[in-house]
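These notes are about the structure you will find just below.
The values are calculated or read from the model by the stated rules, or taken from the named source; none is laboratory data. Everything quoted here is computed from the prediction, not taken from an experiment. Virtual Cβ from ideal backbone geometry, glycine too; neighbours counted across all protein chains shown. Areas reflect the complete protein model, heavy atoms only, side chains present, ligands, DNA and RNA absent. Shrake-Rupley method; radii C 1.70, N 1.55, O 1.52, S 1.80 Å.
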Amino acid sequence: MRKIIFDTDPGQDDAIAILAALGSPELDVLGIVAVAGNVPLHLASTNARRIAELAGRADIPVYAGAERPFLRPLVTAEHVHGETGLDGPDLPPPANPLREGHGVDFIIDTVRAHEPKSVTIAALGPLTNVALALLKAPDLAERLAGIVLMGGAYFEVGNVTPTAEFNVYVDPEAAASVFASGVDITVLPLDVTHQMHSTPARIEAFGKIGNRSGTAVAAMLSFSEVYDLQKFGWEGAPLHDPCVTAFLVKPEMFEGRRVNIEVETGSALTRGMTVVDYWGVTERAKNAFFVRSGDAGAFYALLVERVARLP
Ligand code: BDR
Ligand code: CA
């Protein structure tokens, strides 16, 4: 079983990523740390607990991490995810409290408490907590098995500005610091998440499972679809963060290559742009595995199968 810590700003797509992981016997979710991103921290940490409880996993510790990015005012995305961040399904408020202590310390203590190279961070939001953990405990760079993150783009360029993807845009300094850390990083960028359209038939498949988690996922996807239909004119919305879970469970579903990735922090115009040396035109050291494409049919089949194992 692969040991995972989720760092997340739920977010309907974050929620689906976590639910699919909790339904995956290959993954052992050690904890969930919330970060400010799609919504402010108090909502992200509330949503993380609602998701764990929906999956019948109130035992999974949920911590709050950073309240704002390194240097910049927080940019949120209620226009995409709704006022709560998790609009769509009818989920009760969480019954369990947040764990005491800071989420960044949970990450550090948990990685140090396990065998070297046995814990992976699955990062689904701005990289503030992950960067803070690596700055506070540089030994984590050696101890982590890796970081698998949703963020950035190359061919698909940007979704929050013409050149930046939301998670990297919100805290570009944190992202730049993570890419410079030396950790083994896998990136699921917009290039692959924009291939994973939630068509009406795919949404219906979750509803048809007949369990409460499937019903909630169908409601989350239906909510997201409305925004993306208006924005892109696509049938169905791209599904971002669950690509991280699918990659952790079935990497053979995806294709990519090792590249150098740097993050633009200086320019106001291109803030948060991921500068991907996809064609190897520089001598910069390769610091990440960049996933370019994936099998959307297999991806949705996997998600449905894993959500079906939940209550
Ligand atoms: C990312 O931004 C957030 O809105 C989603 O949850 C995802 O992590 C996509 O750009
Ligand atoms: Ca997210």
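Residue check: residue 79 meets all listed conditions (1) within 16 Å of ligand 1 (Cβ to nearest atom); (2) open to solvent by less than 50 Å² (accessible area, probe 1.4 Å) but one, namely (2). Answer yes or no as to whether residue 238 is modelled with pLDDT under 95 and surrounded by 15 or more Cβ atoms within 10 Å (Cβ to Cβ). Considered against the rule, which asks whether it is modelled with pLDDT under 95 and surrounded by 15 or more Cβ atoms within 10 Å (Cβ to Cβ), residue 238 comes out as yes. At pLDDT 95 or above and either away from ligand 2 (no atom under 15 Å from the Cβ) or under 18 Å from the mean Cα position of the chain (by Cα) (or both), is that true of residue 180? For residue 180, the condition - at pLDDT 95 or above and either away from ligand 2 (no atom under 15 Å from the Cβ) or under 18 Å from the mean Cα position of the chain (by Cα) (or both) - is met.
May I ask you to list the residues in the range 257-311 that are among the hydroxyl-bearing types (Ser, Thr, Tyr) and farther than 30 Å from residue 50 by Cα? Residues satisfying the conditions are 265, 267, 270, 274, 278, 282, 293. Is there a residue being within 14 Å of ligand 2 (Cβ to nearest atom) and over 14 Å from residue 6 (Cα atoms) anywhere in the range 97-115? Among the residues of the range 97-115, not one is within 14 Å of ligand 2 (Cβ to nearest atom) and over 14 Å from residue 6 (Cα atoms), which makes the answer no. When the residues of the range 204-235 are filtered to those that are among the charged types (D, E, K, R) and more than 15 Å from ligand 1 (Cβ to nearest atom), the one that is modelled with the lowest pLDDT is 235. Determine, yes or no, whether residue 293 is in contact with a His (Cβ under 9 Å, 6 or more places away or on another chain) and under 30 Å from residue 88 (Cβ atoms). Spelling it out, it is not the case that residue 293 is in contact with a His (Cβ under 9 Å, 6 or more places away or on another chain) and under 30 Å from residue 88 (Cβ atoms).
Taken as a whole, the condition of being among the β-branched types (Val, Ile, Thr), more than 21 Å from residue 36 (Cβ to Cβ) and open to solvent by 10 Å² or more (accessible area, probe 1.4 Å) applies to residue 186. Within the range 65-74, the set of residues being hydrophobic (A, V, I, L, M, F, W, C) and surrounded by fewer than 24 Cβ atoms within 10 Å (Cβ to Cβ) comprises 70, 71, 74. You will find that of 173, 115, the residue that is free of Cβ contacts under 8 Å to residues at least 12 places away in the same chain and either open to solvent by 30 Å² or more (accessible area, probe 1.4 Å) or within 11 Å of ligand 1 (Cβ to nearest atom) (or both) is 115 and no other. Do we have residue 168 as within 16 Å of ligand 2 (Cβ to nearest atom), among the aliphatic types (A, V, I, L, M) and open to solvent by 40 Å² or more (accessible area, probe 1.4 Å) here? When the stated conditions are applied, residue 168 does not pass them. Please give the number of the condition residue 1 fails out of (1) modelled with pLDDT under 95; (2) closer than 23 Å to residue 175 by Cβ; (3) open to solvent by 10 Å² or more (accessible area, probe 1.4 Å). Looking at each condition in turn, residue 1 falls short on (2).
Being open to solvent by 10 Å² or more (accessible area, probe 1.4 Å) and more than 16 Å from ligand 2 (Cβ to nearest atom) is the requirement here; does residue 133 meet it? Criteria not met by residue 133. Selection of first residues in the range 1-20 that are under 24 Å from residue 132 (Cβ atoms) and within 9 Å of ligand 2 (Cβ to nearest atom) and of second residues that are in a helix (DSSP H, G or I) and at pLDDT below 95, restricted to Cβ pairs under 8 Å at least 6 apart or on distinct chains, gives the following pairs, ordered by first then second residue: 11/81; 13/224. Checking each residue in the range 47-71 for being over 14 Å from residue 102 (Cα atoms) and within 16 Å of ligand 1 (Cβ to nearest atom) picks out 47, 48, 50, 51, 69. The residues of the range 9-42 that are under 22 Å from residue 215 (Cα atoms), more than 12 Å from ligand 1 (Cβ to nearest atom) and open to solvent by 10 Å² or more (accessible area, probe 1.4 Å), listed by number, are 22, 25.
Here is the figure for the range 137-154: residues that are within 15 Å of ligand 1 (Cβ to nearest atom), hydrophobic (A, V, I, L, M, F, W, C) and either open to solvent by 30 Å² or more (accessible area, probe 1.4 Å) or touching a Phe, Trp or Tyr at 6+ places or on another chain (Cβ under 9 Å) (or both) total 1. For residue 182, the conditions (1) touching a residue at least 60 places away in the same chain (Cβ under 8 Å); (2) at negative phi all hold with the exception of (2). When residue 88 is tested against (1) open to solvent by 30 Å² or more (accessible area, probe 1.4 Å); (2) more than 16 Å from residue 239 (Cα to Cα), only condition (2) is not met.
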